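Student: I am attaching a structure below and will ask some questions about it afterwards.
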């Protein structure tokens, strides 16, 4: 992806430099609305991982939801779908999955490298609990288990599958 298509929101609530974040403000929602309004996307992908023990995914998701609710009457939003994915802690139940994207072994490796680019996901999981696997290992295991489940249902066999649920606004 070209650099000009990459956007870092640098939301004020997140930019504290510490684990403790500031409360969400109207400015966080405005920044998010502005980027959605500028790009006019057909699809938005967001972490729907509400089991994230750090809680940042839930905060970010609420900012996205607030932004979309305010923008939903814009013409371009009629063709925009919001897809939620899960992180390393849990997967969607099979009866909830609305889109499953097959992944090849090379794509699994690309995803691992993408995870490594996030400072908070490197060198151990901050909120590990009783699971000693690193974040990338949890994510790969989750994606492989989803593919295994689809294989057991008699569908095509893949190295892994990323599952999504559509949020309907």
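Student: So which of 133, 112, 142, 138 is surrounded by 12 or more Cβ atoms within 10 Å (Cβ to Cβ) and at pLDDT below 85?
Tutor: 133
Student: Do we have any residue at all in the stretch 50-58 that's assigned to a helix (DSSP H, G or I), surrounded by 12 or more Cβ atoms within 10 Å (Cβ to Cβ) and touching a strand residue (DSSP E or B) at 6+ places or on another chain (Cβ under 7 Å)?
Tutor: Yes, the stretch 50-58 contains at least one residue that is assigned to a helix (DSSP H, G or I), surrounded by 12 or more Cβ atoms within 10 Å (Cβ to Cβ) and touching a strand residue (DSSP E or B) at 6+ places or on another chain (Cβ under 7 Å).
Student: Within the set of pairs 6 or more residues apart or between chains, which connect a residue that is under 18 Å from residue 61 (Cα atoms) inside the stretch 1-29 to a residue that is modelled with pLDDT of 90 or more and surrounded by fewer than 10 Cβ atoms within 10 Å (Cβ to Cβ) with Cβ atoms less than 9 Å apart?
Tutor: Note: pairs meeting the criteria are 7/38.
Student: Considering only residues that are more than 19 Å from residue 50 (Cα to Cα) and either in contact with a strand residue (DSSP E or B) (Cβ under 7 Å, 6 or more places away or on another chain) or not assigned by TED's automatic domain parsing to the domain that holds residue 107 (or both), which ones fall in the stretch 141-155?
Tutor: 144, 147, 150
Student: Let me ask another. Could you please find all residues in the stretch 136-169 being part of a loop (DSSP other than H, G, I, E, B) and closer than 30 Å to residue 72 by Cβ?
Tutor: Once the filter is applied, which keeps residues that are part of a loop (DSSP other than H, G, I, E, B) and closer than 30 Å to residue 72 by Cβ, the stretch 136-169 yields 168, 169.
The values are calculated or read from the model by the stated rules, or taken from the named source; none is laboratory data. The structure presented is a predicted model; accordingly, all values stated were derived computationally and were not measured. A quick note on method: Cβ atoms are made from the backbone with ideal geometry, for glycine too, and the neighbour counts reach across all protein chains shown.
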